[in-house]
Amino acid sequence: MAFKYIILALLAGLNLAAAVQPPRAILLFVADDLGYNDTTAYGGEGVPCPNVQRLADQGLLFTDAHSTNSVCTPSRYSMLTGQYAWRQKGTGILPGDAALILPTRDKAPTLGTLMQQAGYRTAAIGKWHLGLGSGNIDWNQPISPAPADAGFDYSFIMAATGDRVPCVYVENGQVLNLDPADPIHVNYQGKTYPGEKTATTHPELLKPWGRPSNKQHADTIIDGISRIGHMSGGTAALWKDQDIADDITAAAERFIARCAGKPLFLYFCTNDIHVPRYPHARFRGKSPLGIRGDVTLQMDDSLGRLMTALKQTGYKPEETLIIFTSDNGPVISDGYEDGAREACSAHRPAHPWRGGKYSLFEGGTRIPFIAYWPGIITPGTNPALICQLDLPRTLADLCGVETPENSLRDSENQLQALIGKDTRGRTDLVTQAFEAPRYALRSGQWKYIPAFRKHGKEQLYNLSTDPGENHNLAPEQPERASQLRKRLEQLTRESAH
Ligand code: NG6
Ligand code: CA
């Protein structure tokens with residue numbers, strides 16, 4: 001009898017030793033529009049980023065990791081809900097006054113609520129772009145629902161993007177530094193406010209590099225940069241573009257300090273390297289790739305500061321999981337003539353993948369993804385096919401959180417891949433693009449893109465021999481193409497739009 005218990009105890013001990021214990025700090029660091037080849041971590045051409053490089057050297061570099069979409073809102077929606085964005089209507093690129101699209105507390109889990117259940121203090125800091133309120137938002141009142149209703153104990157966010165109004169921070173559901181005597185009004189209906197200055201009425205106010213190259217960015221001028229959407233009031237609350245990185249990084253440093261060693265989950269989203277690119281003076285001219293390279297250095301600086309803050313607050317490296325990634329593929333010129341086109345003329349930000357932001361080719365969704373967790377994750381590279389979509393299930397399982405039935409339906413537990421014990425990852429993955437055709441299917445080394453419109457051609461690529469998606473094999477391999485088409489149709493049948 002006693003012998004049996006000794007054996008059981010030994011087995012339990014072995015089991016415990018094999019199980020990975022949750023980290024005390026989790027930093028999910030999401031850069032904006034940063035391409036696979038934009039830092040030196042994945043190749044030789046990018047901007048030297050000492051902190052990203054440190055993660056790459058000491059962590060696991062994923063070479064086939066994806067966002068679900070090649071633009072921001074749907075990709076972040078998937079990362080936080082564990083669901084493909086096409087299952088939910090209204091998950092395209094949102095205007096700055098859109099309603100919150102995340103499920104609120106009682107409806108379905110989010111990465112935030114899951115981490116709260118696991119005992120973490122949670123924060124969302126930086127770019128949000130997932131909507132706020134429930135429509136007809138009044139920026140002069142407490143906003144509800146806010147990130148707190150989707151699982152974030154603390155939030156310090158930009159409502160949408162740097163190029164969309166309102167150009168203010170929203171801290172815990174309230175506009176920061178708002179003067180009630182100068183109320184904020186925002187609209188995306190093309191209505192100009194009395195006295196409002198736009199790129200059309202006051203082009204002389206634009207910073208020289210910030211002249212819009214497209215009409216969409218020609219609305220209200222704030223800080224010398226014309227934006228998408230109209231805004232009036234809120235003068236004291238307006239951000240300064242060159243300080244955004246410092247402001248959000250400082251908010252994150254304060255959050256880390258407040259957590260004082262307790263379990264923390266920080267969803268930190270940089271505004272870099274999205275447009276408008278306006279680096280702080282200390283990064284200006286410091287990179288080999290012009291303004292776009294300078295904001296890449298700025299992004300790296302934010303990462304380094306957060307790594308330092310975690311360490312100084314007492315989170316040991318072996319208790320700290322850092323995931324570094326980007327919300328979608330790269331773009332050089334995206335609405336402002338900021339000189340990036342010239343400075344990056346020889347730079348291939350998504351190399352070796354084809355396409356970039358907005359695209360259905362690999363460059364649209366194959367993003368940098370580095371997992372760093374010293375002692376648990378052995379440094380190296382991992383070719384496993386994984387997706388940001390998998391984070392909710394992976395982290396929930398890692399932390400032993402029970403999830404309601406039918407929740408996180410597209411999210412897979414990829415912990416074994418995350419820690420480098422599995423090199424295959426997902427069997428298949430649906431990716432989506434802003435541009436039509438809307439979906440593609442990844443299955444092993446195969447990539448299938450359905451025909452779009454009547455005269456379009458379906459496409460089939462073997463990424464192991466043709467990473468650049470140049471040789472369409474669909475005519476030669478009709479059976480494989482048809483099999484993948486059926487699988488894609490089966491997977492997307494429940495598409496809402
Ligand atoms: C597009 C804007 C682009 C950027 C993007 C959102 C044009 C032509 N394009 O509509 O500048 O703001 O929306 O980027 O104006 S994302 O990374 O947040 O998805
Ligand atoms: Ca983006």
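The values are calculated or read from the model by the stated rules, or taken from the named source; none is laboratory data. None of these values were measured; they are calculated from a predicted model. Using ideal geometry, Cβ is built from the backbone for each residue, glycine included, and neighbour counts are taken over all protein chains shown.
General observations
- Qualifying residue in the range 176-194 (condition: of a type in the set (A, V, I, L, M, F, W, C), more than 26 Å from Glu337 (Cα to Cα), assigned by TED's automatic domain parsing to the domain that holds Leu27 and away from ligand 2 (no atom under 16 Å from the Cβ)): no
- Pair list, Cβ under 7 Å, 6 or more apart: the range 82-110 residue of a type in the set (Lys, Arg), other residue at pLDDT 95 or above and not in a loop (DSSP other than H, G, I, E, B): Arg105/Thr113; Arg105/Asp149
- Screening Gly335, Gly339, Gly375 for residues that are within 16 Å of ligand 2 (Cβ to nearest atom), over 25 Å from Ser464 (Cβ atoms) and in contact with a helix residue (DSSP H, G or I) (Cβ under 8 Å, 6 or more places away or on another chain) leaves exactly one candidate, Gly335.
- Residue within the range 331-347 that is of a type in the set (Phe, Trp, Tyr) and under 16 Å from Cys49 (Cβ atoms) present: no
- Filter result for Thr68 (modelled with pLDDT of 95 or more and either in the same structural domain as Leu297 (by TED's automatic domain parsing) or more than 13 Å from ligand 1 (Cβ to nearest atom) (or both)): yes
- Look at (1) surrounded by fewer than 16 Cβ atoms within 10 Å (Cβ to Cβ); (2) within 15 Å of ligand 1 (Cβ to nearest atom); (3) of a type in the set (Val, Ile, Thr) and you find that Thr235 fails only one, number (2).
- Taking the criterion of being under 30 Å from the mean Cα position of the chain (by Cα) and surrounded by 14 or more Cβ atoms within 10 Å (Cβ to Cβ), the residues of the range 199-215 that qualify are Ala199, Leu206, Lys207, Trp209, Gly210, Arg211, Pro212, Ser213.
- Any hit, the range 93-100, residues being within 30 Å of His185 (Cα to Cα), within 14 Å of the chain's Cα centre (by Cα) and buried (at least 24 other Cβ atoms within 10 Å of the Cβ): no
- Of the residues contained in the range 446-459, one or more are found to be under 23 Å from Pro74 (Cα atoms) and in contact (Cβ under 8 Å) with a residue 60 or more places away in the chain.
- Residue check, Thr378 under 20 Å from Asp57 (Cα atoms) and either surrounded by fewer than 19 Cβ atoms within 10 Å (Cβ to Cβ) or of a type in the set (Asp, Glu) (or both): yes
- Candidate set: the range 231-281, residues that are polar (S, T, N, Q) and touching a helix residue (DSSP H, G or I) at 6+ places or on another chain (Cβ under 8 Å); chosen: the one farthest from Met158 (Cα to Cα): Thr249
- Flag for Leu55 being among the aliphatic types (A, V, I, L, M), surrounded by 22 or more Cβ atoms within 10 Å (Cβ to Cβ) and assigned to a helix (DSSP H, G or I): yes
- Flag for Thr104 being surrounded by 24 or more Cβ atoms within 10 Å (Cβ to Cβ) and farther than 25 Å from Ile222 by Cα: no
- Within the range 462-479, residues that are in the same structural domain as Ser443 (by TED's automatic domain parsing) reach partners that are among the hydroxyl-bearing types (Ser, Thr, Tyr) and not in a loop (DSSP other than H, G, I, E, B) with beta carbons closer than 6 Å, at six or more positions or on different chains, in the pairs Glu469/Tyr461.
- Annotation: of all residues in the range 332-349 being within 22 Å of the chain's Cα centre (by Cα) and surrounded by 24 or more Cβ atoms within 10 Å (Cβ to Cβ), the one that is nearest to ligand 1 (Cβ to nearest atom) is Tyr336.
- Qualifying residue in the range 411-431 (condition: among the hydroxyl-bearing types (Ser, Thr, Tyr), crowded, with 19+ Cβ neighbours inside 10 Å and not in a strand (DSSP E or B)): yes
- Matching option when the condition is assigned to a loop (DSSP other than H, G, I, E, B), out of contact with any Lys or Arg (no Cβ under 7 Å at 6 or more places or on another chain) and away from ligand 2 (no atom under 16 Å from the Cβ), among Lys286, Lys262: Lys286
- Qualifying residue in the range 471-486 (condition: within 30 Å of Leu60 (Cβ to Cβ) and under 26 Å from the mean Cα position of the chain (by Cα)): no
- Scanning the range 403-435 for residues that are closer than 18 Å to Leu488 by Cα, more than 18 Å from the chain's Cα centre (by Cα) and either of a type in the set (Lys, Arg) or within 16 Å of ligand 1 (Cβ to nearest atom) (or both) yields Arg409, Arg426, Glu435.
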